[in-house]
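The values are calculated or read from the model by the stated rules, or taken from the named source; none is laboratory data. Just so we're clear, the structure is a prediction, and the values are computed from it rather than from any experiment. Glycine also receives a Cβ, built like all others from the backbone with ideal geometry; neighbour counts cover every protein chain displayed.
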Amino acid sequence: MSFGKMNSFADIKAITKTKDAEGFATTAETSLAYVRVYREGRHGSVRWANLAAFSEATDLFRFRIIPGVTVTTEHFIECDGERFDIISVENVKGRGMYIEVLAKKVVSTVGKG
């Protein structure tokens, strides 16, 4: 995967819950990393046909491994002003160079009616 194909930027984030001095819980989004990504939308290719088990995935992201950061399904990705929940995380070919993430686009229902 060359940098030429990684033409988008994404923010990998986690939701952290903290309690203040009075005991009230608050949630905040914490940025884990800002990385270059290769983003592929769902379409009728052979690759997506082979990923039929992940029918709810709308996008595939591929990026270099981030030293000291472990990406899990508890995290989410923000890319091009859109939010994606991570469905699966895979080390590409087990080499420890790239991570491939299947994610589902989050669509807000606020304001629709």
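Brief remarks follow.
- Looking only at region 55-80, and only at residues there that are among the hydroxyl-bearing types (Ser, Thr, Tyr) and either touching a Gly at 6+ places or on another chain (Cβ under 6 Å) or farther than 18 Å from ILE15 by Cα (or both), the one that is modelled with the lowest pLDDT: SER55
- Matching option when the condition is surrounded by 15 or more Cβ atoms within 10 Å (Cβ to Cβ) and either modelled with pLDDT under 90 or within 12 Å of the chain's Cα centre (by Cα) (or both), among ARG95, ARG83, ARG47: ARG83
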